[in-house]
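Structure, as structure tokens:
The values are calculated or read from the model by the stated rules, or taken from the named source; none is laboratory data. Predicted model, so just to flag it, every value in this text is computed and none were measured. A quick note on method: Cβ atoms are made from the backbone with ideal geometry, for glycine too, and the neighbour counts reach across all protein chains shown. We work out accessible area using only protein heavy atoms, side chains counted, and drop any ligands, DNA or RNA first. Shrake-Rupley method; radii C 1.70, N 1.55, O 1.52, S 1.80 Å.
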Amino acid sequence: MRVLSIVGARPQFVKLGVICRAVERFPKDLQHRILHTGQHYDYEMSEVFFRELGIPMPDFNLGVGSGPHGAQTGAMLSAIEEVLCRDRPDWVLVYGDTNSTLAGALASAKLHVPVAHVEAGLRSFNRRMPEEINRIVTDHVSTLLLCPSETAIQNLEREGLGGRATWTGDVMLDAVLYARDSGSRKTVAPEEGDYALATLHRAENTDDRSRLIRILTALERVSEEVCPVRLYMHPRTRAALSDVNWSPKFLRVNKPLSYFEMISAVSRAQFLLTDSGGLQKEAYFLQTPCITLRHETEWVETLHGGCNVVVGDSGAAIHAAAAKADSAGPWGTPYGTGEAGIAVIQALLAHAATL
Ligand code: UD1
């Protein structure tokens, strides 16, 4: 069986690492190749993940880079199509909800190459998010929907896609357990002492400058009054701030961390402030309280016990949640036991016979 993983953005490299390790546990006639669209290209957004997680160099690198959604997705679509026409795999694996996911799924479906979607069935029910459009379209054109949670399966059933859905558990849990066991021995968290960790990059938060400044002002206040905040800044946010007059007073602003550094930093943080999907779960797995800087979350299981609190962009709500973050818990286990990578490969093998 020949499987082609299509990835392009930072969170996908972490999931790909899990699949690469799982593949090694199967017979050699399972061939796994990697296509990198080039959506993320900075060292700290891409290469460091391949190095740290021991992921083989991509077999194809399209070098598509940044751009408006149509141009970026279109460039990926046409380049992926060329690769697929030359090198027809038995399965294409796509991950998550980025433009690389959408382009990979669409190019494959049009060429009748079976597509399996890792992290299928997630919904925020906010169609203004580019990620929500990417998820919905990807799920509808995919052959096999690999779900991290029961909620994801229910979402797919409501859209008439239940027949293609399989529960695998969450590959991100496999990744966190791997990082905790192997990475944290090699990597120390950036600094000791009490701190809260923040990240911010969603288009809905960065593209509206007044909203961006409102959130940063709230983080400043949390940093001054509750707990020192370290913000690991995504290039999109840095770019958005280049044309506004903002400089941090209490916030410590740093470059993005590698995966092992991030897992180590999350596990030691008092709490997290983030608009990332992945970090909400990483915080949950590591039992660090999370404050989500969005108006909704796809990871609804993390909300139980106040382990994750959705606060939007209101300064007062962000401050109030930070002040009582230490009352979060208890944490549950809704995302499996960390064997999702194996379950993904088993599902591909089981369904290959029926294609
Ligand atoms: C993408 C995903 C988002 C995911 C995020 C993780 C889409 C629609 N969005 O958002 O779901 O949570 O990745 O990081 O696919 N840039 C650089 N260097 C890089 C990459 C990006 O400077 O290596 C800058 C560029 O200015 C670019 C901007 O970041 O224009 C946005 O990058 P893009 O890949 O379009 O979206 P992300 O915000 O990273």
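Observations on the structure shown:
- Using θ = phi - 60° in the Karplus curve 6.51 cos²θ - 1.76 cosθ + 1.60, the 3J(HN,Hα) couplings for region 330-336 round to x, 9, x, 10, x, 10, x Hz; x is entered for Gly and Pro.
- Solvent-accessible area, 1.4 Å probe, carbon plus sulfur percent, for region 265-339: 53 percent
- In Hz, Karplus ³J(HN,Hα) per residue of region 311-317 (6.51, -1.76, 1.60; θ = phi - 60°; x = Gly, Pro): 10, x, 10, 7, x, 5, 5
- Looking at the chain, the accessible area is 41 square angstrom per residue; that uses a 1.4 Å probe and ignores ligands, DNA and RNA.
- Helix 259-268 vs. the chain, principal-axis angle (Cα, 0 to 90°, nearest 10): 40 degrees
- Angle in degrees between helix 69-86 and the longest Cα principal axis of the chain, rounded to the nearest 10: 30 degrees
- Computed from the C-beta positions of Asp208 and Ala352 and an R0 of 56 Å, the FRET efficiency is 0.80 to the nearest 0.05.
- Translational diffusion of region 232-272, estimated by Stokes-Einstein from the Kirkwood radius over alpha carbon pairs at 10 °C in a medium of 1.306 mPa s, is 134 µm² per second.
- Helix 209-225 vs. the chain, principal-axis angle (Cα, 0 to 90°, nearest 10): 60 degrees
- Over the chain - Rg/Rh using Cα atoms and the Kirkwood inverse-distance radius: 0.95
- Förster radius 30 Å - calculated FRET efficiency between Lys28 and Thr337, Cβ distance, rounded to 0.05: 0.65
- Considering only Ile6, His117, Leu197, the residue lying farthest towards the positive end of the dipole of the chain is Ile6, judged by Cα position with unit charges set on Cβ.
- Nearest-20 debye value, the chain charge dipole, Cβ charges on Lys, Arg, Asp, Glu: 280 debye
- Environment charge at Leu177 (Cβ cut-off 12 Å; Lys +1, Arg +1, Asp -1, Glu -1): -3
- Residue ranges 213-219, 101-107, 236-242 sort as 101-107, 213-219, 236-242 when ordered by packing (mean number of other C-beta atoms within 10 Å per residue, highest first).
- Note on Gln287 and Leu177: the extension gain reaches 38.3 nm, defined as 0.36 nm multiplied by sequence separation minus the Cα-Cα distance.
- Cα-projected label distance for Val137 with Asp87, points at 7 Å along beta-carbon direction, nm: 2.4 nm
- Computed from label points 7 Å out along Cα-Cβ, the spacing between Ala323 and Asn61 is 5.0 nm.
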